[in-house]
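Everything on this sheet refers to the single structure shown next.
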Amino acid sequence: MLPWYFQPTHDQLHRHLKEGLVVFDTNALFDAYRLNPHGRTEFLRTLGMLGERLWVPHRVAEEFLQRRLEVINECAGALRSLKKVLDSPFSGVEKALRNFGTSRGLSKEQARELAAIIRQARIKAMEKATEFYQFDLKPADCQDHDPILREIETILDGRIGPPLKDMRRARQEAAYRFERRIPPGYGDDDKPPEQAIGDYVLWAQLLEEVERRPRPVLLVTNEKKSAQDWIVPQSDERASLPRPELSAEVWERVHQPFHLVNVQGFLRLANEHIDAQVSVQTIDQAQTIEAAQEIVPILGSEISALERRFRGRYVESELERATTRMHAMHAELNDLRLSLSNTPGESPGARRLRDEIRQSELRVIAARRAVRIATDRLAHERVEAAEEPGFEGQ
């Protein structure tokens, strides 16, 4: 039977780790930065244990160097980013509570107490996040003095493949495969051309290396589970399988099996088959990092929608206050006009009432304008909210 439709056996995985070519993609290598210092030490030590079996495509090395500082900045700025993300929704909640207190007759002390609950929750969340996560590198120091890069360079010395000799032909082949949805890489065909062919170039370099050194291939990748040009979607918690076309292509070239795992899976296999002694904490952290990479884009859109919703609620409250004030101004104007109708025309009282009516009319005009502005703002917020992913007319 065709073996690439089934999970590899224990013995097959053992051969992958002990005899095979273990290939890392760019995102998997970046876990060296994203893991905490202890996890990083265990991760890099495990890479070193692979010896000559460890191999990295030239494309991966290029992308790693191109994006290294970006990932360092991402890690170093994680707490700053979290604070920014938290500030907007929490500020919206505070405003909503203040408006609630004003419109529902709460005392200033009661309104302040409600707002304080939100402020304390925000402060507590940031304190805990700072306690749980610290990044030990400074971006400014890493331009020329990056200790992680130096260690990776030592581990990968002599283990980085050459570039493709004919990139023109590679681009033509990538276009042919994308058009026919032959994996990998067609999922990136909406990116700029040089980025779109990245996965295919990695794959072509891997195939060249396995032809030079025929052996089982284990690709370690943190590709998202939704990346259907690499991975067969699973409806349950089973380990992901590579697309059968990929396994078949390797088999047709060199009669060797191909499999892929994420960093977490690799570390588990390394513990089992090469006695890597990676801690449970590091393995769990690797799983968390992969999950975070999957949900960050989703989380970003959800936060955007949440911010939009809070702004909408705030504008609704503004409109309610403006409408209430406009009705009060109208009532005041009507009362003044009624008083004037019952006052002798040239008396001092009539002149005073006419002055008050003119001032009241100006206040009514201003109140009407405030209602129009709030109405327009609310309509604008609702249109923008309706364009957010997952909007359900809330």
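Every number in this text was worked out from the coordinates using simple rules, so none of it is lab data. No experiment lies behind these values; they were computed from the predicted model shown. Because the Cβ atoms are built from the backbone with ideal geometry, glycine has one as well, and the counts that use them run over all protein chains shown.
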If each residue of separation counts as 0.36 nm, what is the full-extension length gain between ILE373 and GLU19 once their alpha-carbon separation is subtracted? 120.3 nm
Under-5 Å amide H pairs with LEU21, H placed in peptide plane, nonlocal only: VAL217, LEU218
Counting Lys and Arg as +1 and Asp and Glu as -1, each charge on the Cβ, what is the dipole of the chain about the Cα centre in debye, to the nearest 20? 1720
Degrees separating the helix 10-19 axis from the principal Cα axis of the chain, which is the longest one: 80
Hey, with R₀ at 22 Å, roughly what FRET efficiency would GLU62 and ALA248 work out to, going by the Cβ-Cβ distance, to 0.05? 0.20
Whose amide H sits under 5 Å from the amide H of VAL232, counting only residues 5 or more places off or on another chain, with H placed in the peptide plane? LEU241, ARG243
Unsatisfied cross-links (Cα-Cα over 25 Å) in the set LYS83/LYS108; LYS108/LYS128; LYS95/LYS124; LYS84/LYS124: LYS83/LYS108; LYS108/LYS128
Rel. contact order, % - alpha carbon contacts under 8 angstrom, at least six apart, the chain: 21
Ellipticity estimate at 222 nm from DSSP helix runs (n ≥ 4, -39,500 (n - 2.57)) divided over the chain, nearest 500: -23000 deg cm²/dmol
Straight-line reach check, LYS138, cutoff 12 Å on alpha carbons, 8 or more apart in-chain or any other chain, hits among aspartates and glutamates -> GLU74, ASP146
If you fit an axis through the alpha-carbon atoms of helix 348-386 and take the longest principal axis of the Cα set of the chain, what angle between them do you get, 0 to 90°, nearest 10? 20
Correct choice for Rg and Dmax of the Cα atoms in Å that was computed from the model, options [x] 20.4, 63; [y] 31.7, 110; [z] 23.6, 92: [y]
Which one, VAL217, PRO3, ILE117, projects farthest toward the positive side of the charge dipole computed for the chain from Cβ point charges (K/R +1, D/E -1)? ILE117
Degrees, to the nearest 10: 37-49 long Cα axis against longest axis of the chain: 20
Would you list, by chain and number, the lysines whose Cα falls below 30 Å from the Cα of LYS165, excluding same-chain residues fewer than 8 positions away? LYS191, LYS224
